[in-house]
There are 2 protein chains.
Amino acid sequence: MAAALVANGDVVAGVKAPAPATGRVASVYSEVQASRIDHALPLPSVLRNPFKIVDGPPSSAAGNPGEIAKLFPNLFGQPSAVVVPSESDSNESPQKLKIGVVLSGGQAPGGHNVISGIFDYLQERVKGSTMYGFRGGPAGIMKCKYVELTPEFIYPYRNQGGFDMICSGRDKIETPEQFKQAEETAVKLDLDGLVVIGGDDSNTNACLLAENFRGKNLKTRVIGCPKTIDGDLKSKEVPTSFGFDTACKIYAEMIGNVMIDARSTGKYYHFVRLMGRAASHITLECALQTHPNITIIGEEASSIVKVTWCKLALDYCLEGKKEKCETLVSPPGVRVALKKLTLKNVTDYIVDIISKRAELGYNYGVILIPEGLIDFIPEVQQLIAELNEILAHEVVDEDGLWKRKLTDQSLELFEFLPQAIQEQLMLERDPHGNVQVAKIETEKMLIQMVETELEKRKQAGAYKGEFKGQSHFFGYEGRCGLPTNFDSTYCYALGYAAGALLHSGKTGLISSVGNLAAPVEEWTVGGTALTSLMDVERRHGKFKPVIKKAMVELEGAPFKKFESLRDEWALKNRYISPGPIQFVGPSSNAVNHTLLLELGAQV
Amino acid sequence: MAAALVANGDVVAGVKAPAPATGRVASVYSEVQASRIDHALPLPSVLRNPFKIVDGPPSSAAGNPGEIAKLFPNLFGQPSAVVVPSESDSNESPQKLKIGVVLSGGQAPGGHNVISGIFDYLQERVKGSTMYGFRGGPAGIMKCKYVELTPEFIYPYRNQGGFDMICSGRDKIETPEQFKQAEETAVKLDLDGLVVIGGDDSNTNACLLAENFRGKNLKTRVIGCPKTIDGDLKSKEVPTSFGFDTACKIYAEMIGNVMIDARSTGKYYHFVRLMGRAASHITLECALQTHPNITIIGEEASSIVKVTWCKLALDYCLEGKKEKCETLVSPPGVRVALKKLTLKNVTDYIVDIISKRAELGYNYGVILIPEGLIDFIPEVQQLIAELNEILAHEVVDEDGLWKRKLTDQSLELFEFLPQAIQEQLMLERDPHGNVQVAKIETEKMLIQMVETELEKRKQAGAYKGEFKGQSHFFGYEGRCGLPTNFDSTYCYALGYAAGALLHSGKTGLISSVGNLAAPVEEWTVGGTALTSLMDVERRHGKFKPVIKKAMVELEGAPFKKFESLRDEWALKNRYISPGPIQFVGPSSNAVNHTLLLELGAQV
């Protein structure tokens, strides 16, 4: 391994800063890291040969096309772009390009490969071009803080995890002043193009930038790339976001290990909370890979309630309380009932399965919980809103008089919560004084609630098992792992395609690589109009464009498959331990179940 | 993959029970699990060819040989056994053997391979032999609960993690009645030998069983095998315990990922607590593999104090307080000072480095903490002892009057602790009413204490950084992973050797495989007298034999290497991300640093 010390020659507003000590030193790489650097990446065959870019039909929007058209007068309706084979490279132009790239938001394995893909496109097809990496996310664009990317600079990051080549950030380019700063940078660096690697928000931002540059007649074009381990940025043309594959496989390795441990000791229930704030894709994918006994899917919350509600209506009916039953069954009643997922429902669902398992002699198991569970439970949302209000204005007295300000329902819930969670709700507050929902350790909360409920059932003679809960949270461990072969290849193609799209003069598109269940040579390549993914939300009386997060579809193939098997997994033990990610040999080219199922493949 | 449904034909006291549903079903294995089943295991060449077993010189004990001789009149002093090449197999006897095996204590990757090794020895060298697996640990011996091991039964567990083939347990064979039960089982099954796979306690127990059987003139011999992920069962002839290699590599994968995450975001300090209750080998090994900024080694606790104490003495001296200085320097003073590692020392040590890093512009980092840290801090031990006493007899009043029963020092410490930890100390108690030390989340405690101290320094203008702590605990995730190539091969050799030792009539030995830094062919094989590893402890007025846990040696090569590099790791970022364990290709045959350094190899 060459001891290639990376010279992180930072440039801030044109002034070269001394190289910081954070750059990667390939000489201290582990053997596996080092072996990955030179891992050869296949390209889809359409990108390996001469190609041209053709337009598809005009596009619309995911919702409210009228409003989107108003917000994006220059970009709305533009067609998707498709890369197709050609006699000669139609893009081949003598002109060199100046391209910037930025990483935006949380880490996802493969980001470095998107950058390598863009870079290699320029090296191979637009010789003499220049590429800049904006440092620390969108703030790097606004402050014109960047580094010039060279082959030596990029080399040690090839196929490596993390975002540390140029780092990321969570700033947004939102105000007129900030757009002005971005324009200044684009002009100053004479940028032909900018690639924004990010999630739903960042790609919305990319599109606003594209619209703005076009409106101001700047030559700078903007292309987005779909990044997020959460897997919730996807559409028909963008089959998956990068990083999801690697992160899920890392979590699944750990879950599989814990399963074998559970079976070997026979005495623990492991409650595993998994990262993924809004959607439950990660939890669902990990379930498909490992077959846990219980999996809570946030999006399904309402159907757990459906059952509860249906039973209740049935009870009223059987008791002859026809009026009450009808109230429940009538449309507004249904709506109210459907909204009423409660922590008690979730606890009961878990406790029912634990009790049944105890009867079969199993006092152990593995339970997966999505990080975002609490966001799906209206009563908790309500309690938090009330607490935020009260704690902003009231003194919290020791005698608990402040609690009188809570509504009856919220007070009941608050008293139902384990003491440690009550304290977390009271103490852990962000600088704005709000409860930090992401910090609530749902897995520990559920353990305590399950424990209490099982104790009750034991007293009543309905449960005779032994229960010991162990909590786990897997999150940060998966965001910066070495990308799988799939993510490495997928990201490289996304980057290479972004280069091609910019080269052909496209803007406001998201790089799209499809047909991912087929061998890499057959992957399709193109760009999708970012406006076609958008809808609007009303915030502070104004319409804001948003790319809606893709939630777990209860009618989609991944959930259907899970649904058809979970009863078997609950009571029989069908654990699968995926083992550590392999880069060579068995399973090294495997693709995650969610993607394959969504593409109609058999898993 | 053959859909070999495992028929777990349990036998309880001679009655065949119906097959439980817990057995492994190879047809639902992941691709990696399946690929491991048929992974070919090399044997040391001495075991591949005809061999004989020769005796070494007589042995003594690790301490108090007189007492050990009294406790083991039949076994004390017996020589080690060495397997050496021979013209023909001296062990070859027409007699078939009946051998039992038991897994004892916590899981460690490779246990299934020890069993496969014994089994294959019998299949290849003592055809027609029978092997029994006792279920659920030593209790299986006492209750005569076992399963007959067959090629089909063993097959799906080859090279697989976990202990679920026959499961484990933490019971001990201690009372005269329990020894009687074990004898009955040995007689009933007509056992020629028993292999006990376990840690320090289990191997002590194995030796007591061997002594007892020999004393009663039973033909049943007993051989131990060194198991524990903690790595604290080792001696000159037993270079490492199995499972340590795999567990450390799994933890190091996660730590490496978190490091890249820390560097990418630039805003978190990750506090990682690592399993390993008594000794800090796991933490030290993970540090050598990943180069964290701060690593607390429990065994070194006193030297952190040495510095604190030395500084204090120096201060007194410089201030002209010669008397105070001399009191500190005089031998009893030194002793007292050395004993006084405090949580405050540890906090200050961490805070000092965080402050220096902030000056360099780094507001992130990774800190490793051994699970057993609290056991190394006398003041915490004292507080816990007092709490156990008080809470057993006093009512805990809300006004805190009960605290008056604490000594001044303990009260001061209690008030110094973060509130959440105070509550954990008060609420989390085991069935005997004692504080559950293992449940104390040291990593969270340290985060809060570091936060408080940094806030103080900030007020005083001595710290200008930003601090955000993230906590992690890696434990259960590593106990049942797929064993590395090293652990797979090492365990198979340990088992094969145990078979050979029993076959040649040995008892009271621990299977010993050495020269582990060399290629497998050159590994040495033999058995070490368990009594030679023993010392005595006085408990309830009686001498009890114990195999002392091997702690981290501050003069040993692994610690020395760590010590020589940690200052560089603290301020410069020398992170290494080992990546996931590979079974093929780069690093797949790597051996852990601790073992290599202890064997004198350069790492």
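The values are calculated or read from the model by the stated rules, or taken from the named source; none is laboratory data. In this text, all values refer to a predicted model and were calculated from it rather than measured experimentally. Here the Cβ is made from the backbone with ideal geometry for all residues, glycine too, and neighbour counts use every protein chain on show. Areas reflect the complete protein model, heavy atoms only, side chains present, ligands, DNA and RNA absent. Shrake-Rupley method; radii C 1.70, N 1.55, O 1.52, S 1.80 Å.
Which residues in segment A:190-217 place their backbone N less than 14 Å from a point set 7 Å from the Cα of A:LYS96 along the Cα-to-Cβ direction? What the label zone holds, given the 14 Å backbone N cut-off, is A:190-192. Spin-label pair A:MET551-A:GLU148: with each label point 7 Å from Cα along the Cα-Cβ axis, the two points sit 5.0 nm from one another. Hull volume per residue, based on the alpha-carbon atoms of segment A:457-562 and their convex hull, is 276 Å³. Kindly identify segment A:117-239 as rounded, prolate or oblate by the Cα gyration tensor criterion: order the square roots of the eigenvalues as a ≥ b ≥ c, call it rounded if a/c is under 1.5, otherwise compare a/b with b/c, prolate if a/b is larger, else oblate. Cα axes put segment A:117-239 in the rounded bin. A protection proxy built from the mean count of other Cβ atoms within 10 Å ranks the segments A:354-366, A:61-73, most packed first, as A:354-366, A:61-73. Counting only protein heavy atoms and using a 1.4 Å probe, the accessible area of A:GLU441 comes to about 40 Å². DSSP bridge analysis restricted to chain A gives an antiparallel fraction near 45%, rounded to the nearest 5.
Inter-chain Cβ neighbour count for B:583-589, averaged per residue, equals 6 (cutoff 10 Å, partner chain atoms only). Using a 1.4 Å probe on the heavy atoms of the protein chains only, list every residue of segment B:248-263 that has 30 Å² or more less accessible area in the complete assembly than in its chain alone. Buried on complex formation: B:GLU253, B:MET254, B:ASN257, B:ILE260, B:ASP261, B:ARG263.
For segment A:84-134, the list of chymotrypsin sites (Phe, Trp or Tyr not before Pro) that fall in a loop by DSSP and count at most 15 other C-beta atoms within 10 angstrom is empty. Put simply, the amide H of B:PHE242, placed in the peptide plane, has neighbours under 5 Å in B:LYS227, B:THR228, leaving out anything fewer than 5 places away on its chain.
For segment B:60-178, the number of Lys pairs with C-alpha atoms closer than 21 Å, counting only pairs eight or more positions apart or on separate chains, is 6.
Per-residue mean of foreign Cβ neighbours for A:29-38 is 6 (Cβ atoms of other chains, 10 Å radius). When both segment B:433-476 and segment B:184-200 are represented by their alpha-carbon centers, they are found 47 Å apart. Of B:LEU554, A:LEU194, the order by accessible heavy-atom surface (1.4 Å probe, DNA, RNA and ligands excluded), from most exposed downward, is B:LEU554, A:LEU194.
Backbone phi angles across segment A:268-276, fed through the Karplus curve with coefficients 6.51, -1.76 and 1.60 (θ = phi - 60°), yield HN-Hα couplings of 10, 9, 8, 9, 10, 8, 10, 4, x Hz in residue order; Gly and Pro are listed as x. Computed in the context of the full set of protein chains, the accessible area of segment B:550-603 at 1.4 Å probe radius has 53% of its extent on carbon or sulfur. Stretching the chain fully between A:GLU455 and A:LEU318 yields a gain of 46.3 nm (0.36 nm per residue, less the alpha carbon separation).
Listed by chain and number, the aspartates and glutamates whose C-alpha is less than 13 Å from the C-alpha of A:LYS561, apart from same-chain residues fewer than 8 away, are A:GLU285, A:GLU553, A:GLU598.
In order along segment A:138-146, the Karplus-derived 3J(HN,Hα) couplings, from 6.51 cos²θ - 1.76 cosθ + 1.60 at θ = phi - 60°, round to x, 4, x, 5, 5, 8, 6, 9, 8 Hz, and Gly and Pro are given as x. Residues whose amide H falls under 5 Å from that of B:ARG221, counting only those 5 or more places apart or on a different chain, are B:GLY193, B:LEU194, with hydrogens built in the peptide plane. Heavy-atom accessible surface of B:GLU555, to the nearest 10 Å², is about 140 Å², with a 1.4 Å probe and all protein chains retained. Pairs of Cα atoms in the protein assembly as shown fall into 20 Å distance bins, from 0 up to the last occupied one, in shares of 10, 37, 36, 14, 2 percent. Once the Cα atoms are used to define both axes, helix A:557-571 deviates from the longest principal axis of chain A by about 40 degrees.
The residues of chain A expose, per residue, 40 Å² of accessible area to a 1.4 Å probe.
Label sites at B:LYS544 and B:LYS267, each approximated as a point 7 angstrom past Cα along Cα to Cβ, lie 5.1 nm apart.
Relative to the longest principal axis of the Cα atoms of chain B, the long axis of helix B:485-503 makes an angle of roughly 50 degrees.
The aspartates and glutamates within cross-link reach of B:LYS180, meaning a Cα-to-Cα straight distance under 16 Å and a gap of 8 or more places when in the same chain, are B:ASP171, B:ASP190, B:GLU211.
Net length available on complete extension from B:LYS572 to B:ALA62 is 179.4 nm, with 0.36 nm assigned per residue and the Cα-Cα distance removed. Neighbouring Cβ atoms from other chains, within 10 Å of the Cβ of residues in A:42-50, number 0 on average.
Segment B:215-252 and segment A:218-232 have Cα centres spaced 53 Å apart.
Using a Förster radius of 51 Å, what is the FRET efficiency between B:GLU415 and A:ALA385 based on their Cβ-Cβ separation? Nearest 0.05, please. Rounded to the nearest 0.05, the efficiency is 0.90. Residue by residue, segment B:284-297 carries 3J(HN,Hα) couplings of 5, 4, 4, 5, 5, 7, 10, 6, x, 6, 9, 9, 9, 9 Hz when phi is fed to the Karplus relation 6.51 cos²θ - 1.76 cosθ + 1.60 (θ = phi - 60°); x denotes Gly or Pro. Relative protection proxy for A:342-348, B:503-509, from highest mean packing down: B:503-509, A:342-348 (other beta-carbon atoms within 10 angstrom).
Burial of accessible area (probe 1.4 Å, heavy atoms of protein chains only) in segment B:100-141, relative to its chain alone, reaches at least 30 Å² for B:GLN107.
Beta bridges assigned by DSSP with both partners in the protein assembly as shown are antiparallel in approximately 45 percent of cases.
Taking the Cα atoms of chain A, the ratio Rg/Rh between the radius of gyration and the Kirkwood radius comes to 1.00.
Here the sum of -39500 (n - 2.57) over DSSP H runs of 4 or more residues, divided by the residues of chain A, equals -12500 deg cm²/dmol at 222 nm, to the nearest 500.
Solvent-accessible area lost on pairing A with B (1.4 Å probe, both sides summed) amounts to about 5100 Å². Distant-in-sequence amide contacts of B:GLY365, defined by a placed amide H-H separation under 5 Å and a gap of 5 or more residues or a different chain, comprise B:TYR268, B:TYR269, B:HIS270.
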